[in-house]
Amino acid sequence: MSMKQLALIAGLVLAGALAWYALYGVEAPPVAEVAPPAPAELGPWGIDLDGMDRRVAPGDDFFRYVNGAWLDTVQIPADRTSTGSFLDLSIRSEERVQAILAELEDKEDLTPVDQKVRDLYRSYIDVENLEDLGLSPAAPALNAITAAQTHDDIARLMASVPMGTQSIFDVGIGIDDKDSDAYAVFATQSGLGLPDRDYYLLDDPNIVTAREAYVAYIAEILTMGGFEGGPEKAATIFALETEIARIHWPREDQRDADKIYNPMTVSALVTFAPEFPWALFLENMGISPMKGDGERIIVASENTAFPPLSALFAATPVEVWRDYLIFHYLDSHASYLTDAFDEASFAFHGKILGGQDQQLERVKRGVQFLNQMIGEGVGQIYVGRYFPPEAKAEAEALVGNLLAVYRERIRTLDWMGEETRQKAIEKADSFTVKIGYPDMWRDYAAFEVMEGDLLGNRARGVAFDWNRDVARLDQPVDRGEWHMSPQTVNAYYNPSLNEIVFPAAILQAPFFDPAADDAVNYGGIGAVIGHEISHGFDDQGSKYDARGELQNWWTEMDRQNFDGRTARLVDQFNAYSPLEGMFVNGQLTLGENIADSAGLTIAAAAYDLSLQGAQAPVLDGFSGSQRVFLSWAQIWRFKAQEATMRRRLLSDPHSPPEFRVNGTIRNVDAWYDAFAVSEENALYLPPAERVQLW
């Protein structure tokens, strides 16, 4: 037995012993009250104690117990749709980028990347120039759309990457799910202007109101663009999108890795969905259908949606498609045009769909625009100022601890057989970890930025990214690539590379604070790390092997055991209702719910392991184990406008934060022990009903 195993058993025995003392009324050994050596950013040791509501029993509503006073007093900023831990850090990140931009204005010796960042930002915030230009920057695209006479013309316009209008099919380039050494072309369903198909199909009064506002918005945009017959055209466009929505797969089906992997040659795709001009469409995106002596493989997601979408494309008159493309072009480019378009877009997308009271300042939106268009260019400057090497080293150590615990737990799972267990351990051993920022920064030399040409900069930036992707189709996979910039407050798991990635900006309080208590960091960034590791073993990530390829590595019995447990988790979350008449979609959110539960369980176990058999100190009356769970609930502080919550319920694969806390902890045995939760508490689940996976 290894030292790691011995240390883990020691931690588990300690937790069990404390529970035994509580259960039988035996006095536990005395534990000294101590204080950490330095003040943390939140509270004295990492938890905002003033934000708690201790009138609430932790076993009845743990989310409110930890965050209740904060919930009662916090105000959603007028220029945002929500507030919480993620937004707080996002605002900090924006402010830091703004400080960088201010420095660039005064800097004389600019690097090429500095110059592009500065000029791109200037082009976005120069509203006087945008007013002077009016609709003239959009004229070439609008003229091209109005000149369309045939369905082939429409397909060419849909394929135009620089134009960036709408299409009923989206095409992207990524790693082939069954060949992690090669890139492939992916085609997916698209074509909607509202956030999800359910916005077109549900009868909920609030959704109906949003639909009515959308039709009015379409008419408004067309009229502002100088096109006659706005109301009639808006009704026709909405009717077309409703037909598209009826064809679309539900989001829960779209996340099924097996269902959406349907490789076929271009000629087979033409036969499968014959009424759409695929070869012409792909050629106009810069993708040649022919590769050597054979056709390039297309991976088509939502395959059964393709034939009816193809038929709808052919059956819809060209003049309807023209109006559709004109509206979507103006809508998607509204913030790059005059203030009138910008405000009209905000009035619908911000106020109606998001519940946002006022538009975010242009300078702040300019930072967001930079992050989208030249994120690593900004990030290269950002990490030099705000991400010290020691933060990266400490995060790497935490990841190592979490992976070690994960491996040990896999070895002791009682529901998994040995054959599958060995494959799971192999996958855990094969994780690639990326922290902070890329080893190699993206080269933006081919991205031409012109001061005073915002719409052109946007078009050239999108084309730059796309051309880079197309050029890599015949090249080896870039395993060093990042899909988030360092200044992004988030993290992700990439199944095709079996990698977990943590940008620099998330490595801050409340997620990670070097001055905070260790238990707080384990419940914060430790649980986030565990969450991303667990995505490799959730209902979809578990379909990918150690190399990142989509293939079954489970025995039939083990998969049945796993699926049976996850089905119970679906049932649990289906019962949660954050808004009257609306419920969490347990199937859509399953992957995130699995990752939350497993990630928190692993973080709590890793903290126990870190104690190496010693007993954790008590801080302000809270044990080490309690502090892990307090931290978990604190990072999910969140309050949103009702419209935003509704949109997220219909389209977001993450459960609302309230249930990311309460729905997760009630499946974790250690939480019951830490807070003496019993069957008298509202969140109590009998042991047999708790869903425990990893």
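Average accessible surface for the range 555-691: 36 Å² per residue, computed with a 1.4 Å probe over protein heavy atoms with every protein chain in place.
Each Lys and Arg adds +1 at its Cβ and each Asp and Glu adds -1 at its Cβ; summed about the Cα centre, the chain shows a dipole of about 820 debye. When the Cα positions of 102, 123, 161 are compared along the charge dipole of the range 56-170, 161 comes out farthest toward the positive end, with charges on each C-beta of Lys, Arg, Asp and Glu.
Applying both filters, DSSP loop and at most 15 other Cβ atoms within 10 Å, to the chymotrypsin sites (Phe, Trp or Tyr not before Pro) of the range 427-495 gives 441.
Net length available on complete extension from residue 99 to residue 552 is 158.2 nm, with 0.36 nm assigned per residue and the Cα-Cα distance removed. Helix 205-224 and the longest principal axis of the Cα set of the chain meet at an angle near 40°. Based on every Cα atom in the range 420-547, Rg and the maximum pairwise Cα distance Dmax equal 18.2, 59 Å.
Taking amide H as placed 1.01 Å from N in the peptide plane, the amide H of residue 262 sits under 5 Å from that of 300, each at least 5 places away or on another chain.
Report note on the peptides 260-266, 356-362, 104-110: ranked by the mean count of other C-beta atoms within 10 Å, highest first, their order is 260-266, 356-362, 104-110.
Accessible surface of the chain, 1.4 Å probe: 51 percent of it comes from carbon and sulfur atoms. Indicate, rounded to the nearest 5 percent, the antiparallel portion of the DSSP beta bridges found entirely in the range 383-513. Beta bridges within the range 383-513, antiparallel portion: roughly 40 percent. Over the residues of the chain, the helix contribution to mean residue ellipticity at 222 nm works out to -16000 deg cm²/dmol, using -39500 (n - 2.57) for each DSSP H run of at least 4. The Rg/Rh ratio of the range 72-147, with both radii computed over alpha carbons and Rh defined as the Kirkwood radius, is 1.14.
Please give the direction-averaged projected area of the C-alpha convex hull for the range 235-379, in square nanometres with one decimal.
Result: 12.4 nm².
Shown here are the Rg and Dmax of the Cα trace of the range 509-607, at 15.8, 47 Å. Amide H contacts of residue 502: 434, 435, 436, each under 5 Å away and 5 or more positions distant or on a separate chain (H built 1.01 Å from N in the peptide plane; Pro and chain starts excluded). Compared with the direct C-alpha span, the chain from residue 268 to residue 676 gains 140.8 nm at full extension, assuming 0.36 nm per residue. Amide H to amide H distances under 5 Å link residue 174 with 184, 186, where only residues 5 or more positions off or on other chains count and H is placed in the peptide plane. Multiplying the residue separation of residue 347 and residue 92 by 0.36 nm and removing their Cα-Cα distance gives an extension gain of 89.2 nm.
Matching the structure-derived volume of the Cα convex hull per residue in Å³ against the labelled list [x] 148; [y] 164; [z] 181 gives the label [y].
State the Cα centre-to-centre distance between the range 97-142 and the range 370-392 in whole Å. After rounding, the separation between the Cα centres reads 19 Å. Size descriptor for the range 136-196, Kirkwood hydrodynamic radius: 13.7 Å (Cα pairs only, one decimal). Per residue, the range 397-473 exposes an accessible area of 44 Å² to a 1.4 Å probe, with every protein chain left in place. Placing pseudo-labels 7 Å out from each Cα toward the beta carbon at residue 684 and residue 580 gives an inter-label distance of 3.1 nm. Here r is the Cβ-Cβ distance between residue 361 and residue 143 and R0 is 51 Å; the resulting FRET efficiency, rounded to 0.05, is 0.95. Inter-part distance, the range 500-535 to the range 180-195, computed on C-alpha centroids, equals 31 Å.
Charge dipole (Cα centre; +1 on Lys/Arg Cβ, -1 on Asp/Glu Cβ; no other charges) of the range 382-452 amounts to roughly 220 debye.
The values are calculated or read from the model by the stated rules, or taken from the named source; none is laboratory data. Treat the numbers as computed from the prediction; the structure is a model and nothing was measured. Ideal geometry is used to build each Cβ from the backbone, glycine not excepted, and the neighbour counts take in all protein chains shown. Heads up: the accessible areas ignore ligands, DNA and RNA and are worked out on the full protein's heavy atoms, side chains in. Shrake-Rupley method; radii C 1.70, N 1.55, O 1.52, S 1.80 Å.
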